[in-house]
Every structure is written in structure tokens, then in C-alpha cells.
Amino acid sequence: MRTAADRIRHAISFELLGLALIVPIGSWAFSMPVADIGIVGLVSATLATAWNYIYNLGFDHVLQRYTGTTLKTVGMRIFHAVLFEAGLLTILMPFIAWYLGISLWHAFVMDAAFAIFYMVYAFVFNWGYDRLFPLPEWQNKPEAGKI
């Protein structure tokens, strides 16, 4: 199981790199000012950071309980990313609609596009993070590469 400090490093590095990517891409894709997408990005990143910590802690506890390890297969990583983004979509959509003065439907479309980006990003980031900072319990096990 990861330590609290490791989880904080994970969450902050995930959000900072994500913001550096999504603000210019979102501004361009939705033809909105960088400042507006930047504010949406910062608030979203703050909420997502809290959600990331809580979600990953809970997910790892459930995974440990049911499988005996926190090592994730490719299939489990996909499930992990999809479930994370579904929860975040529910949290962020009302804020995006309110701040940008757009309909809930437009906010949903925008948030869904961000979620698709972040789903792929989360999969790649988390896999890379686990390779850079492996847990000791994984040292004697081959990487879970099967679905």
C-alpha cells in the first residue's frame, strides 16, 4: 500500500502535468480564452486532486481486500481510470456550466471531452508512476500485464 506522502506526490504531479497539457488544448479546442479555461482547470484540478487522493485510497483498499494485492492488471487499470473519470465528471459538470455561463449539456460535452483526455492520460501517467515508484510488494511478482 502506498504511503500518504507518496499519494500526495502522485496526486500533485498528476494534476500539474495534466494542467500544463489541458489548458492550452482546451482553449484551442473550445475557442475560449486561456484565462477562462485556466480558471476552470485550476478549480477542476483542486477538486480532482482531492478526489484523486480519496478515490485511489479507497480503490486500493478494495483491491487489496478482494485480490490480496494492489498490483493492477491492464483490465483493472482501464476499470480504475473509467470509474475515476465518471466520478469526476459528476463533480465538475455543474461548476463548469456555472463558471462559463453555458448550458449543462454544453458543460457535459466539454467535461466529457476533458474526461476522455484525462482517462487516457490517467492510464499512461499511473502506469508510468508505478514503474518509476514501484512498491516493495511488487518486487517478487511479474508485472500484471494480462487482462
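A few notes on this one:
- The residues packed around Ala97, meaning those with a beta-carbon under 14 Å from its beta-carbon, carry a net charge of -2 if Lys and Arg are +1 and Asp and Glu are -1.
- Dividing the summed helix terms, -39500 (n - 2.57) for each DSSP H run of n ≥ 4, by the number of residues in the chain produces a 222 nm estimate of -28500 deg cm²/dmol to the nearest 500.
- Additional length obtainable on full extension of the chain from Val74 to Leu47, 0.36 nm per residue less Cα span: 7.1 nm
- Working from label points 7 Å from Cα in the Cα-to-Cβ sense, the Thr3 to Ser103 distance is 5.1 nm.
- With all protein chains in place and a 1.4 Å probe, the accessible surface of the chain carries 75 percent carbon and sulfur.
- By the Kirkwood approach, averaging reciprocal distances over each pair of separate Cα atoms, the chain gets a hydrodynamic radius of 16.2 Å.
- Accessible solvent surface per residue of the chain, calculated while the other protein chains remain in place, 1.4 angstrom probe, Å²: 56 Å²
The values are calculated or read from the model by the stated rules, or taken from the named source; none is laboratory data. Computed from a predicted structure; not experimentally measured. A quick note on method: Cβ atoms are made from the backbone with ideal geometry, for glycine too, and the neighbour counts reach across all protein chains shown. In case anyone asks, the SASA skips ligands and DNA or RNA and just uses the protein heavy atoms, side chains included. Shrake-Rupley method; radii C 1.70, N 1.55, O 1.52, S 1.80 Å.
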